[in-house]
Every structure is written in structure tokens, then in C-alpha cells.
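One structure is given below, encoded as C-alpha cells.
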Amino acid sequence: PTSSGTTTASLSRLGATLQVYFHLGELPDASWKAVASALSSAEKAGSQLFHPTGINQMKESAQSEARALAEAETDGKSAKDGKDDSKSSSGGTTAMDARQRKKQTEAAYERLYRRKLREKRAAAASRWATGVADAASRVWNLHRVLARRNDPVTRKNFLEVVAESGVVPEEFRVAEKRLMEEMRRK
């Protein structure tokens, strides 16, 4: 396996596939479609992370889980304390106990809600990072294979074939323009 987790066999398959596209005369289009697909995957991961409905669902889920855990935690404490307090039978202590129990439940809820929300945010961020890293890895591996692979008959490098085609999809023109300006400055 390579450092990105991609196996050498899958890179070889990618090279063979690019070879077929080269002979069909469709290498530049196929390469740009692969890049556009990876970009779409990264954008989808980002939109899932920042979508308002997803954020609300995350908050609601954290609230319901925290509420259930807080009540279970407080119920467990009051059942344990109830065994010890069964000897006292004054009427004023039950009202005090109910207020104290509610206060404990709210404190536990706030603590558990913050923890659950942090866990849910971390999980969502992890899914986003995985999606973006996967997309970046696909583009990086495509670039590596294009840069290293040559047609055995014409000896043309695949990356040069894509560059010489002059075909840059509209969605990448701004990035190409910035890259060219950056290269001129150096």
C-alpha cells in the first residue's frame, strides 16, 4: 500500500484506465470529470456539515439524549437516597426534595447536553474531514498517475496530454487563472 492507503494495484488499474481513455482520445475529458466528481464529493461533505437542518437535528438529538441521561442519573440518585431517607416522614422535606431533585436534573442536563453536543459536533466534523480527505486523495492519486504514466507507443506523458488539450471546464477557470497568476509572480 501507498502512504495514502491506496494500494499499488488500484493505482495500476487507474493507469490502465487512463491508457484506454488516451487511446480513445478522451483522456482530458475523463480526467476533468474525475476531478469534478471529487470536487462534488467534497462540496457534499461540506454542505452536510453546515446544513441548517442537520445542525438542528444534531442539537435536538443531543438535547433528547442529555435529557434522558440526566433523568436516569437523577432517578438513580433519588432511588439510592430514598432508601436512606425513608425513616424521615416530615411533610416539608418532600417539597424540598422535589425542588432539589429538579435542580440536580437541570444541572446534570446542562452538563450532559454540552458533552453530547460536543460529541455530535466531533462526529460531524470527522465525517466532513473524511469526505474532503477522500476527495483530495482521489485528485492527488489521479495527478500522480497522470504525471508518471506515458503512452508506450507515442511516449507522450498523460499530464502533458491533459495540459496540451487546453480544455479546462468552466468551474475550474477561476482556479486556473489564480494559479497562472501565482506562477507568473514567481
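Among the residues of the range 130-186, the ones that are among the hydroxyl-bearing types (S, T, Y) and in contact with a strand residue (DSSP E or B) (Cβ under 6 Å, 6 or more places away or on another chain) come to 0 in all. Considering every residue within the range 130-146, establish whether at least one is open to solvent by less than 40 Å² (accessible area, probe 1.4 Å), among the aliphatic types (A, V, I, L, M) and within 24 Å of the chain's Cα centre (by Cα). Within the range 130-146, one or more residues are open to solvent by less than 40 Å² (accessible area, probe 1.4 Å), among the aliphatic types (A, V, I, L, M) and within 24 Å of the chain's Cα centre (by Cα). Looking only at the range 44-73, residues that are of a type in the set (K, R) and open to solvent by 90 Å² or more (accessible area, probe 1.4 Å) come to 1 in all. Of all residues in the range 168-186, those that are surrounded by 11 or more Cβ atoms within 10 Å (Cβ to Cβ) have Cβ atoms under 6 Å from Cβ atoms of residues that are in a helix (DSSP H, G or I) and modelled with pLDDT under 85, 6 or more apart or on another chain, in V168/E176. Looking at A108, is it modelled with pLDDT of 95 or more and of a type outside the set (K, R)? Taking the combined requirement at face value, the residue does not satisfy it.
The values are calculated or read from the model by the stated rules, or taken from the named source; none is laboratory data. Computed from a prediction, not measured in an experiment: that's the story for all the values here. Quick reminder, even Gly has a Cβ in these numbers, built from the backbone with ideal geometry, and neighbours come from all protein chains shown. Heavy atoms of the whole protein, side chains included, go into the accessibility calculation; ligands, DNA and RNA do not. Shrake-Rupley method; radii C 1.70, N 1.55, O 1.52, S 1.80 Å.
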